[in-house]
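The values are calculated or read from the model by the stated rules, or taken from the named source; none is laboratory data. Just so it is clear, the model here is predicted, and its values are computed rather than measured. Don't worry about glycine lacking a Cβ; one is built from the backbone with ideal geometry, like all the others, and counts go over all protein chains shown. In case anyone asks, the SASA skips ligands and DNA or RNA and just uses the protein heavy atoms, side chains included. Shrake-Rupley method; radii C 1.70, N 1.55, O 1.52, S 1.80 Å.
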Amino acid sequence: MLKALGARAVLCSNSSSSTSVVRKMSSAPASRKFVSVEGSDIHSRSKPDGFRFSLVSYNILAQVYVKSSSFPHSPSSSLKWKPRSNTILEVLKDLGADFFCLQEVDEFESFYKGNMQNLGYSSIYMKRSGQKRDGCGLFYKHDCAELLLEEKIEYNDLVKSIPDGNSSNDDDHTNIQTVHADKQKDVEPKNGSKSNTEDRGDPNDPRVRLKRDCVGIMAAFKFKDPSRHIVIVANTHLYWDPEWADVKLAQAKYLLFRLAKFKTLVSDRYECIPEVIVAGDFNSQPGDTVYQYLVSGNPSSNLMLNCLDESPPIPLCSVYASTRGEPPFTNYTPGFTGTLDYILFSPSDHIKPISFLELPDSDAADIVGGLPNFSYPSDHLPIGAEFEIIKEEF
């Protein structure tokens, strides 16, 4: 984190003219490759031991949140819908993943659904609750996988977990309280945050705190390879505000609670043990309580909901942390640089990550000055992994 902050200071000291030159030179979408965990280009590896598939998670930055005042460091023409949408589509096409977990998807019906279908993808979409215009989209290659089941997650359902008669001053009935010690550790607001101006109501009312209009998607797929293996893919976007770490942690627990129930449903219906992958923008940095809960299932604070099933959640492991280490950042702006996005999987004898999507360094010419720009159409970077389903020995 300190290193990233130092990089920001250097960026801010650069002259505007030199930044402008860099941006003009970097007008094409950035192309990234998957790198083998064994230390070489994934395409140079030997014959696979089983079936491979790839997954990319990407907060593509909803156009509804794109304003010059929010991103004054970005070239104004790079923020316009037509060039941005075309660049996003080119990035997705270049990556060519079998699964895309996209967050902040607006213009789904008018743009993404049809264009991604033309590229060979079917899709599931969950729009955010209330008046929000964006949501989560799960896109999958229909010649690679068959959709078996899907469930959608409304984190507003957490409001129902608050007992009747609970008040903002009744600490005995709720654990949805802010722990001030965690505030300083959690992610700071983004520069010109797209959520800073929302009317959030009474922050001392736990029902108000939990109604954040955030959503997620879970789906079970059967691969069309000879193994016919089943995998569950979940895509989510948790609440943004670092001052509301309790809400994010409650959402994370609800996600794993719903995921465990969904896995049981899939297991019983299809008589299998499905693999599990969870991806998204968790708006939490490594070391935060949300991240620690997701990778351990054992929160270190009292920020949890008492009403949910307390059975152990599905064990999860971060792809990047288990291979190359979490990247220094997945979000890069002059106001904030840090890692917020993750791909998690449940370790088993039948699945292993074999490559990860490389990410740019902070001094790379095409991100100097901050995102978005012509090369990277979002303030977030895409992250990705390739997995191998291990053949069972008989």
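Considering each residue of segment 283-290 in turn, at least one proves to be under 23 Å from I60 (Cα atoms) and surrounded by fewer than 21 Cβ atoms within 10 Å (Cβ to Cβ). Under the condition of being surrounded by fewer than 19 Cβ atoms within 10 Å (Cβ to Cβ) and either among the polar types (S, T, N, Q) or within 18 Å of D366 (Cβ to Cβ) (or both), the residues counted in segment 44-62 number 2.
Restricting attention to segment 274-297, the residues that are touching a Ser or Thr at 6+ places or on another chain (Cβ under 6 Å) and either assigned to a strand (DSSP E or B) or over 27 Å from E243 (Cβ atoms) (or both) total 3. Only one of the listed residues (P83, P75) is open to solvent by 20 Å² or more (accessible area, probe 1.4 Å) and in contact with a helix residue (DSSP H, G or I) (Cβ under 6 Å, 6 or more places away or on another chain). That residue is P75.
When residues in segment 342-383 are screened for being in contact (Cβ under 8 Å) with a residue 12 or more places away in the chain, among the small types (G, A, S) and surrounded by fewer than 21 Cβ atoms within 10 Å (Cβ to Cβ), 4 of them pass.
The residue pairs whose first member lies in segment 220-238 and is polar (S, T, N, Q), whose second member is open to solvent by 10 Å² or more (accessible area, probe 1.4 Å), and whose beta carbons are closer than 6 Å, counting only pairs six or more residues apart or on different chains, are S227/F51. With respect to the conditions (1) buried (at least 19 other Cβ atoms within 10 Å of the Cβ); (2) farther than 23 Å from D49 by Cβ; (3) in contact (Cβ under 8 Å) with a residue 60 or more places away in the chain, Y332 falls short on a single one, namely (3). Of all the residues in segment 134-167, those that are modelled with pLDDT of 95 or more, of a type in the set (K, R) and either outside any strand (DSSP E or B) or open to solvent by 60 Å² or more (accessible area, probe 1.4 Å) (or both) number 1.
Among the residues of segment 262-296, those identified as farther than 18 Å from H237 by Cα and either free of Cβ contacts under 8 Å to residues at least 40 places away in the same chain or aliphatic (A, V, I, L, M) (or both) are T264, L265, V266, S267, D268, E271, I273, S296. Quick one: is V91 in a helix (DSSP H, G or I), hydrophobic (A, V, I, L, M, F, W, C) and modelled with pLDDT of 95 or more? When the stated conditions are applied, V91 passes them.
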